[in-house]
Amino acid sequence: MIINQEQDVNSKQKDKKVIKCVVWDLDNTVWQGVLLENDQVSLQENIVNLIQTLDSRGIIQSIASKNERATAIAKLEEFGLKEYFLYPQINWNSKATSLKEIAKVLNIGLDAIAFIDDQLFELEEVKFTLPEILCINADEIGNILDMPVMNPRFITEDSRIRRLMYVSDIERQNAEKEFVGTADEFLATLNMNFTISSAQEEDLQRAEELTLRTNQLNTTGYTYSYDELNHFRQSENHKLLIASLEDKYGSYGKIGLILIECQPQSWTIKLLLMSCRVMSRGVGTIMLNHVMSLAQSNHVRLLAEFVPNDRNRMMYISYKFAGFKEIEKNGNSVIFENDLSRIQSVPTYVKFQVD
């Protein structure tokens, strides 16, 4: 099977909407009853299984509830559910405001959020204000596990521990807020280990997941299936590289992917993406400079495709910052070239290895 038509590949998978976060209301949604009227509320039937199953699929969860925060948190602790919800918004703000805050702190798009509530008024307000969000009536929660958007094709190791990785991120963020010093000095305290390796067959499920889930830090927006990625992995005319990161707080998992098309005289970066969770760690620069070093040692020109959209401007800036210059526009895509005259060394605060 030979794949030359990235645009065809992209169009085939463009409709694969992925829900990354389910946001729950509490009263008459997670539990039966209104907490402020009677603190003896009881959990909805099967709710624990729903929450735990979504968690095991790598779908993170949060809360948007109009309630007294301390009382609601105590009740969630009593039910043994508090740990499943990241950045819960329990206040008297509008649900739309709470949902925007959750998207912001998780650094995900609104179109990756599903919101569950029992009140039609709340659902309609969110639909009107934030139409990208998938709104689900609490009457329908028995069906959510069967919804295609809640069923990733693969459950990877990164999926299984995704919530725990976000918990580690919270610890890092708290440490960064309390740290006195420069950003580089803080990064030096993390003891980061960054690894780039040729993708192996066991990496391909996560690689497919990365192309489907990563929208903001994705240079082209192309998505590839397991089989397509396996073709590239085995192709003499391509390099498929995958990156992972860990630090003293734990593993970030597999967080980056690079696809390079290799011609005798030139290499073209067809796809460069990285998880939003590592945006502030300088990882994109390390990935690009590694590819630049490879191209230089192989005595080839280094080109890169970029397809702009309303969410990936940061990747455009990454290319420019690394010394790539626009040489051609082809429809909606831009072709960059790097003359390889300025390859930055790996920051001293990162231990870098190539497997």
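The values are calculated or read from the model by the stated rules, or taken from the named source; none is laboratory data. Fair warning: this is a prediction, and the values are worked out from it, not measured in the lab. Cβ: placed from backbone, ideal geometry, glycine included. Neighbour counts: every protein chain shown.
Report, by residue number, each residue of region 104-142 that is in contact with a Cys (Cβ under 8 Å, 6 or more places away or on another chain) and at pLDDT below 95.
106, 107, 108, 112
Give me the residue from region 143-175 that is among the basic types (Lys, Arg) and modelled with pLDDT under 90 and, out of that set, nearest to residue 133 (Cα to Cα).
Looking at residues that are among the basic types (Lys, Arg) and modelled with pLDDT under 90, I get 153.
Which of the numbered conditions does residue 62 fail, given that it passes all the others? Conditions: (1) in contact with a Cys (Cβ under 7 Å, 6 or more places away or on another chain); (2) in a loop (DSSP other than H, G, I, E, B); (3) of a type outside the set (D, E, K, R); (4) at pLDDT 95 or above.
(2)
Let me confirm something: among 223, 214, 182, which residue is surrounded by fewer than 18 Cβ atoms within 10 Å (Cβ to Cβ) and either β-branched (Val, Ile, Thr) or assigned by TED's automatic domain parsing to the domain that holds residue 334 (or both)?
182
I need the strands (runs of 3 or more DSSP E) fully contained in region 263-334, keeping only those with at least 1 residues that are in contact (Cβ under 8 Å) with a residue 24 or more places away in the chain, touching a His at 6+ places or on another chain (Cβ under 9 Å) and closer than 22 Å to residue 238 by Cα.
266-274
Which residue, of 352, 336, is among the aromatic types (Phe, Trp, Tyr) and touching a Lys or Arg at 6+ places or on another chain (Cβ under 8 Å)?
Going through 352, 336 in turn, just one is among the aromatic types (Phe, Trp, Tyr) and touching a Lys or Arg at 6+ places or on another chain (Cβ under 8 Å): 336.
Quick check, is residue 116 outside any helix (DSSP H, G or I), over 18 Å from the mean Cα position of the chain (by Cα) and in contact (Cβ under 8 Å) with a residue 60 or more places away in the chain?
When the stated conditions are applied, residue 116 passes them.
Is it the case that region 343-355 has a residue that's over 22 Å from residue 261 (Cα atoms), without any contact (Cβ under 8 Å) to a residue 24 or more places away in the chain and not small (Gly, Ala, Ser)?
Looking for residues that are over 22 Å from residue 261 (Cα atoms), without any contact (Cβ under 8 Å) to a residue 24 or more places away in the chain and not small (Gly, Ala, Ser), one finds none in region 343-355, hence no.
If you go through region 39-54 one residue at a time, do you hit one that is within 23 Å of residue 146 (Cβ to Cβ), in contact with a strand residue (DSSP E or B) (Cβ under 8 Å, 6 or more places away or on another chain) and without any contact (Cβ under 8 Å) to a residue 40 or more places away in the chain?
Within region 39-54 (the criterion being within 23 Å of residue 146 (Cβ to Cβ), in contact with a strand residue (DSSP E or B) (Cβ under 8 Å, 6 or more places away or on another chain) and without any contact (Cβ under 8 Å) to a residue 40 or more places away in the chain), the answer is yes, since at least one residue qualifies.
Exactly one of these conditions fails for residue 337: (1) modelled with pLDDT of 95 or more; (2) surrounded by fewer than 17 Cβ atoms within 10 Å (Cβ to Cβ); (3) of a type outside the set (A, V, I, L, M, F, W, C). Give me its number.
Among (1) modelled with pLDDT of 95 or more; (2) surrounded by fewer than 17 Cβ atoms within 10 Å (Cβ to Cβ); (3) of a type outside the set (A, V, I, L, M, F, W, C), residue 337 violates only (2).
Would you mention how many residues in region 179-208 are within 30 Å of residue 18 (Cα to Cα) and in contact (Cβ under 8 Å) with a residue 60 or more places away in the chain?
Final tally of qualifying residues: 7.
Test each condition in (1) modelled with pLDDT of 95 or more; (2) buried (at least 16 other Cβ atoms within 10 Å of the Cβ) for residue 198 and report the one that comes out false.
Among (1) modelled with pLDDT of 95 or more; (2) buried (at least 16 other Cβ atoms within 10 Å of the Cβ), residue 198 violates only (2).
So, in region 171-226, how many residues would count as being touching a His at 6+ places or on another chain (Cβ under 8 Å) and more than 26 Å from residue 346 (Cα to Cα)?
So the count comes out to 0.
I need the full set of residues from region 157-180 which are closer than 23 Å to residue 54 by Cβ and among the β-branched types (Val, Ile, Thr), in order please.
161, 167, 170
Give just the number: which of (1) in contact with a Phe, Trp or Tyr (Cβ under 6 Å, 6 or more places away or on another chain); (2) buried (at least 22 other Cβ atoms within 10 Å of the Cβ); (3) modelled with pLDDT of 90 or more does residue 273 not satisfy?
Result: residue 273 passes all but (1).
Scan region 127-139 for residues that are over 22 Å from the mean Cα position of the chain (by Cα) and either surrounded by 13 or more Cβ atoms within 10 Å (Cβ to Cβ) or in contact (Cβ under 8 Å) with a residue 24 or more places away in the chain (or both) and jot them down.
127, 129, 136, 137, 138
If we scan region 234-244, do we find a residue that is at pLDDT 95 or above, under 17 Å from residue 322 (Cα atoms) and crowded, with 22+ Cβ neighbours inside 10 Å?
no
Checking the conditions here, which among 186, 128, 194 is of a type in the set (Phe, Trp, Tyr) and within 30 Å of residue 234 (Cβ to Cβ)?
Every option except 194 fails the conditions.
If you scan region 34-87, which residues turn out to be within 23 Å of residue 19 (Cβ to Cβ), among the acidic types (Asp, Glu) and surrounded by 13 or more Cβ atoms within 10 Å (Cβ to Cβ)?
55
Take the residues in region 71-102 that are touching a Lys or Arg at 6+ places or on another chain (Cβ under 7 Å) and free of Cβ contacts under 8 Å to residues at least 60 places away in the same chain; name whichever of them is farthest from residue 61 (Cα to Cα).
Of everything passing the filter in region 71-102, 92 is farthest from residue 61 (Cα to Cα).
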